[in-house]
1. Scanning for something in contact with a helix residue (DSSP H, G or I) (Cβ under 6 Å, 6 or more places away or on another chain) and loosely packed, with under 14 Cβ neighbours inside 10 Å, does region 153-166 turn up at least one residue?
2. How do the helices (runs of 4 or more DSSP H) wholly within region 34-117 filter down when requiring 1 or more residues that are buried (at least 17 other Cβ atoms within 10 Å of the Cβ), at pLDDT 95 or above and within 16 Å of the chain's Cα centre (by Cα): which remain?
3. Against the definition (within 16 Å of residue 37 (Cα to Cα), touching a helix residue (DSSP H, G or I) at 6+ places or on another chain (Cβ under 7 Å) and either surrounded by 14 or more Cβ atoms within 10 Å (Cβ to Cβ) or without any contact (Cβ under 8 Å) to a residue 40 or more places away in the chain (or both)), how does residue 199 come out, yes or no?
4. Taking region 118-150 only, how many residues are within 15 Å of residue 180 (Cα to Cα) and exposed (fewer than 13 other Cβ atoms within 10 Å of the Cβ)?
5. Tell me, yes or no, whether region 3-11 has at least one residue that is modelled with pLDDT under 95, in a loop (DSSP other than H, G, I, E, B), closer than 26 Å to residue 143 by Cα and touching a helix residue (DSSP H, G or I) at 6+ places or on another chain (Cβ under 6 Å).
């Protein structure tokens, strides 16, 4: 089997303690993910105001860079959820877009204009909840389609899962499709067998030792 992608989505509010403790726990988990070889880390703290999100993003970027300096793991893509302006301002590697957000082609043009003096390219992932949205993400030039919810959506239990059948159909497209929604160690292999290029999650990474998760999945 070809190497699969691991995509960690953050949620500091899921950690115990006050706001400071949650923030520190999140930064520690981001560093752990970077050392363990997670491919993409999406900062998804949508409740934060712009300044607070920028500060957290800068701290997270620093934690990733320091963690990678002591790790042989591949490069980590650091993405900001929805806020292209914050991603550009804080030196992130890319942005994650909701399905009905800006076109990835527009993001690439804006990125080129704002960061013309910096090497590298922007990574863009897009939320997809149907086969039509996967096709649209591919046609618009996105790098990754985050297909969800495959099994469940914790904060919206009334949302009907797409299931492995729809995931398999989505993976017929050329764009890499990442499975999200109720992914566990027990069902991750089923997603990969369906053709997913990788798996994404919040709880999968935040509630476990990430190095152990990576080792288990690689087996």
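The values are calculated or read from the model by the stated rules, or taken from the named source; none is laboratory data. What you see is a predicted model, and the numbers here were worked out from it, not measured in a lab. With ideal geometry, Cβ positions are generated from the backbone for all residues, glycine too; neighbour counts draw on all protein chains shown.
1. Looking for residues that are in contact with a helix residue (DSSP H, G or I) (Cβ under 6 Å, 6 or more places away or on another chain) and loosely packed, with under 14 Cβ neighbours inside 10 Å, one finds none in region 153-166, hence no.
2. Values: elements: 50-69, 84-89, 104-114.
Correct list: 50-69, 84-89.
3. Numbers: within 16 Å of residue 37 (Cα to Cα): yes; touching a helix residue (DSSP H, G or I) at 6+ places or on another chain (Cβ under 7 Å): yes; either surrounded by 14 or more Cβ atoms within 10 Å (Cβ to Cβ) or without any contact (Cβ under 8 Å) to a residue 40 or more places away in the chain (or both): yes.
Answer is yes for this residue.
4. Residues meeting the conditions: 0.
5. There is at least one residue in region 3-11 that is modelled with pLDDT under 95, in a loop (DSSP other than H, G, I, E, B), closer than 26 Å to residue 143 by Cα and touching a helix residue (DSSP H, G or I) at 6+ places or on another chain (Cβ under 6 Å).
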